Each structure stands twice: as structure tokens, then as C-alpha cells.
1. Of all residues in the stretch 29-38, which are exposed (fewer than 13 other Cβ atoms within 10 Å of the Cβ) and under 14 Å from the mean Cα position of the chain (by Cα)?
2. In the stretch 26-38, which residues are in a loop (DSSP other than H, G, I, E, B), in contact with a strand residue (DSSP E or B) (Cβ under 7 Å, 6 or more places away or on another chain) and polar (S, T, N, Q)?
3. Scan the stretch 39-66 residue by residue and report those that are in a strand (DSSP E or B) and open to solvent by less than 60 Å² (accessible area, probe 1.4 Å).
4. Read through the list (1) out of contact with any strand residue (DSSP E or B) (no Cβ under 8 Å at 6 or more places or on another chain); (2) in a helix (DSSP H, G or I); (3) not β-branched (Val, Ile, Thr), then give the number of the only condition that Arg23 fails.
5. Could you please give the count of residues in the stretch 12-28 that are open to solvent by 90 Å² or more (accessible area, probe 1.4 Å), more than 11 Å from the chain's Cα centre (by Cα) and of a type outside the set (D, E, K, R)?
Amino acid sequence: MSLLKKNDLKLYLIIAIGDNFTRKKASERLKNNNYFSCFHKNSIVSPTAKIGIGAVVMANAVINSNSNLGMMISLYALLW
């Protein structure tokens, strides 16, 4: 299901759903849209990491070198 009709502006979406199962179902329903990834300014991401479209990387999260993360993921830092 596309949210846009032909000749409309090109929009980019992000799925802001925390529950993994629900986020996956939403991404399957909205698969014909354009997505972007979002990185918090206090996250640390290696320049060699590969990150899929639609990823959300939260504050204090660390993605190490040569990491390979899929599409539509949410990555949080765990604080003990």
C-alpha cells in the first residue's frame, strides 16, 4: 500500500514502533514507500558498519566496525 499517488511529492518515512512484531507487520504493509534511517547525535556508528534502510539508532547506542544491521531495526543502548 503506497501512501502516495503518482505526481505527488516524494516523502520518506520512518516507522516509529517499538514492538518488533508490530514494526515488522507495519513495514510489510507499507513496503512500497521510501524510508530513511535516523541516528541520534549521541550514538556511535563505525564508518565501516552497514545499516539497512529504516533503522533507528538511539542515544548512546554503539555500532562497532564491520557490523551488518538489517532493515527497519531499532537499536537501543542498555544501561546497567
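1. If we filter the stretch 29-38 for residues that are exposed (fewer than 13 other Cβ atoms within 10 Å of the Cβ), which is where we start, we get 29, 31-32, 36.
Result: Lys31, Phe36.
2. Matches in the stretch 26-38: Asn33, Ser37.
3. Taking the stretch 39-66 as the starting set, the residues that turn out to be in a strand (DSSP E or B) are 39, 44-45, 50-51, 56-57, 62-63.
Of everything in the stretch 39-66, those that are in a strand (DSSP E or B) and open to solvent by less than 60 Å² (accessible area, probe 1.4 Å) turn out to be Val45, Ile51, Val56, Val57, Ile63.
4. Answer for Arg23: the failing condition is (1).
5. Total satisfying the criteria: 3.
The values are calculated or read from the model by the stated rules, or taken from the named source; none is laboratory data. Here the structure is a predicted model, which means the values were calculated and not measured. As a convention, Cβ positions derive from the backbone with ideal geometry for all residues, glycine included, and neighbour counts pool all protein chains shown. Side chains are part of the model used for accessible areas, which takes the heavy atoms of the whole protein and leaves out ligands, DNA and RNA. Shrake-Rupley method; radii C 1.70, N 1.55, O 1.52, S 1.80 Å.
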